[in-house]
Amino acid sequence: MMSEVAVEEISALTAIFCEKDEFELLGQSETEGLTFRIQITVDGYTEKLLLKLIFHLPLDYPSSLPDVSVSSEQLTRKQCIDIKLGLLKKATTLVSEPMVHELLLWLQQNFTTVTEQSVRYQSPRGDCEQRSQGETRTALLQVDHMRAKTKYKKIIEKWTSQLGLTGRLFIGKLILILLQGERKSIKDYLLLQRTSKVDVDSNGKKCKEKMMSVLCEMQLPCGCKQLPAFEVKDYSSLEELKTEFELVGLLELYHKYVHMLV
């Protein structure tokens, strides 16, 4: 059952956001928790903006973070994901206390700061891809398992696309995620992976990724070019995995961080 604190918070939110379309309860489950949508306006750079935020409060909320999604017809996908990440970072400072209203107030006060980088990079994608190689980072992550493999893969592909990251998802005896892109985008990806429900547990319930480890995070090796896209690669043997690393010019990375895992 939902905690008394969460139920009281929902009651308060319905009173605060009482105008037409401001608050809508989308779902309530004894196993999944509460899901609701709130619409708010924020002061943009030149106009008022309407944001739609969907919150999911798990059963153990507020001891654990809520899930949140952000959408707006007036913003880009990158701006919406930056808002989501900003809210999640702020939420980590509010654990164990009702936080939804506090998060909304924080967003209204800090909207321009949260979306500043997105605005700065609203140039065409081709221009972004011409940034110097010195800014490109490479990260290698290991995931312990994927029970809901199809859904998990789609989520990873969606996030890498939204954040402008390229690389590989290697699926076999070891599950590895190779990311290439800006340092901030890689950090944003790690936050999403650690705070969002991406898989299911042994009982089939949605759960967060608790067993991901960062094997390395470094500047793109000298002489290497950033991979042009993010792709999923299934492999059947470690020799095949080694070949995949060799094909993308990162054989040294394999020997230094992957070979020791076998």
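A short reminder: the numbers here are calculations on the coordinates, not readings from a lab. Computed from a prediction, not measured in an experiment: that's the story for all the values here. So basically every Cβ, Gly included, is an ideal-geometry build from the backbone, and we count neighbours across all protein chains shown.
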Point to revise | Most positive-pole-ward Cα, Trp106, Leu57, Ile177, against dipole of the chain from beta carbon charges | key: Ile177
Point to revise | In Hz, Karplus ³J(HN,Hα) per residue of the stretch 211-224 (6.51, -1.76, 1.60; θ = phi - 60°; x = Gly, Pro) | key: 10, 8, 10, 8, 6, 6, 8, 8, 5, 3, x, 4, x, 8
Check your understanding: So what's the back-of-envelope 222 nm ellipticity for the chain, counting only DSSP H runs of four-plus at -39500 (n - 2.57) apiece and dividing by all residues, rounded to 500?
Key -> -10500 deg cm²/dmol
Point to revise | Gain upon complete extension [Leu247, Thr41; 0.36 nm per residue less C-alpha separation] | key: 69.3 nm
Practice item. With springs connecting C-alpha atoms under 10 Å apart, model the chain as a Gaussian network and identify which of Ser237, Ser72, Ser64 has the largest mean-square fluctuation. Key: Ser237
Check your understanding: With springs only between Cα atoms under 10 Å, which of Gln74, Gln193, Gln180 fluctuates most in a Gaussian network model of the chain?
Key -> Gln74
Practice item. Could you compute the FRET efficiency for Ser69 and Lys205, with r as their C-beta to C-beta distance and R0 at 22 Å, rounded to 0.05? Key: 0.70
Check your understanding: In sequence order, what are the phi-derived ³J(HN,Hα) couplings for the stretch 241-246 according to the Karplus relation 6.51 cos²θ - 1.76 cosθ + 1.60 with θ = phi - 60°, rounded to whole Hz, with x for glycine and proline?
Key -> 5, 4, 5, 4, 5, 5
Review point. Just Gly27, Gly86, Gly223 to compare: in a GNM of the chain, with alpha carbon springs under 10 Å, which one fluctuates most?
Key: Gly223
Practice item. State the Cα centre-to-centre distance between the stretch 32-84 and the stretch 176-192 in whole Å. Key: 21
Check your understanding: With each label point set 7 Å from Cα along the Cα-Cβ vector, what nm distance links Lys225 and Thr92?
Key -> 3.5
Exercise for review: Among (i) 42; (ii) 46; (iii) 33, find the value of percent of Cα pairs over 28 Å apart that was calculated from the structure presented, and write down its label.
Suggested key: (i)
**Study point:** Computed lengthening from Glu24 to Leu174, 0.36 nm per intervening residue step minus Cα-Cα distance
**Key:** 49.8 nm
Check your understanding: Remind me, relative contact order of the chain in percent, using alpha carbon pairs under 8 angstrom and six or more residues apart?
Key -> 14
